[in-house]
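A short write-up of the structure that comes next.
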Amino acid sequence: MLMKQILYWTQLVYDNWKLFMAATSNGLCFVGSQDKPFEEMEVWVKKHYPDSQLVQDDNIMAPYSAEFKEFFQGVRNTFTIPRELKGTKFQTDVWNALSKIPYGETWTYSDIANALDRPTAVRAVGAAIGANPVLLTVPCHRVIGKNGKLTGFRGGLDMKEQLLYLEQANHRNT
């Protein structure tokens, strides 16, 4: 009999932040949106890990929660926790490019497309960014429109604005 893969999950509640996250035995695979229900994670898991079982385990998830809390406190500006990213080659290329955006800074969708030597792939870059499963650790919140305005974000524009404000405030203090 085939054993189901287990995905461990927890709900991080810190200050005004509330989000669900899940990890495989290899690393963090999902970070939910601010204040979204458990179902957001459940739907994502069913799509990307259809033969898995979600098991709440705050102890296994403690190292992940700890880094997120440090990030929200402004004492951490990069994540060192392991990740397991499931996506196409193009998506993972985009997510790797996002990971190069320095803390407290923003890039445009065009900047990401140019960093990948795919200057005409701006829309595809946008779609790949929208599919980012691990918010914050792959900092898609640091991507803004060419006109400098905040644009789409899976976690919602309020969450994006809060994250950018947090980073800019902490960046100025370093």
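The values are calculated or read from the model by the stated rules, or taken from the named source; none is laboratory data. No experiment lies behind these values; they were computed from the predicted model shown. In this analysis, Cβ positions are derived from the backbone assuming ideal geometry, glycine residues included, and neighbour counts consider all displayed protein chains. Ligands, DNA and RNA are excluded from the accessible area calculation, which covers all protein heavy atoms including side chains. Shrake-Rupley method; radii C 1.70, N 1.55, O 1.52, S 1.80 Å.
Mind listing just one residue for me: the one in segment 1-27 that is open to solvent by 20 Å² or more (accessible area, probe 1.4 Å) and part of a loop (DSSP other than H, G, I, E, B) and, of those, modelled with the lowest pLDDT?
M1
For F30, are the conditions met, namely being hydrophobic (A, V, I, L, M, F, W, C), in a helix (DSSP H, G or I) and touching a residue at least 40 places away in the same chain (Cβ under 8 Å)?
Taking the combined requirement at face value, the residue does not satisfy it.
Counting just the residues of segment 75-101 that are over 24 Å from E167 (Cβ atoms) and assigned to a helix (DSSP H, G or I), which one comes out most open to solvent (accessible area, probe 1.4 Å)?
So, considering only residues that are over 24 Å from E167 (Cβ atoms) and assigned to a helix (DSSP H, G or I), the one most open to solvent (accessible area, probe 1.4 Å) is K89.
Looking only at segment 37-52, which residues are open to solvent by 90 Å² or more (accessible area, probe 1.4 Å) and either within 19 Å of M159 (Cα to Cα) or touching a residue at least 24 places away in the same chain (Cβ under 8 Å) (or both)?
The answer is E39, D51.
Go through (1) in contact with a helix residue (DSSP H, G or I) (Cβ under 6 Å, 6 or more places away or on another chain); (2) at pLDDT 95 or above; (3) surrounded by fewer than 20 Cβ atoms within 10 Å (Cβ to Cβ) one by one and return the number of the condition G104 breaks.
It fails just one condition, (2).
Mind checking which residues of segment 161-174 are in contact with a Lys or Arg (Cβ under 9 Å, 6 or more places away or on another chain) and not acidic (D, E)?
L163, L164
Looking only at segment 128-159, which residues are in a helix (DSSP H, G or I), free of Cβ contacts under 8 Å to residues at least 24 places away in the same chain and either more than 20 Å from R83 (Cβ to Cβ) or acidic (D, E) (or both)?
L157
For segment 59-84, how many residues are in contact with a helix residue (DSSP H, G or I) (Cβ under 6 Å, 6 or more places away or on another chain) and under 15 Å from A22 (Cβ atoms)? Step through it out loud before you land on a result.
Narrowing segment 59-84 to residues in contact with a helix residue (DSSP H, G or I) (Cβ under 6 Å, 6 or more places away or on another chain): 74, 76, 79, 81.
Subset that is under 15 Å from A22 (Cβ atoms): 81.
So the answer is 1.
Please enumerate the residues belonging to segment 53-74 that are part of a helix (DSSP H, G or I), small (G, A, S) and surrounded by 13 or more Cβ atoms within 10 Å (Cβ to Cβ).
S65, A66
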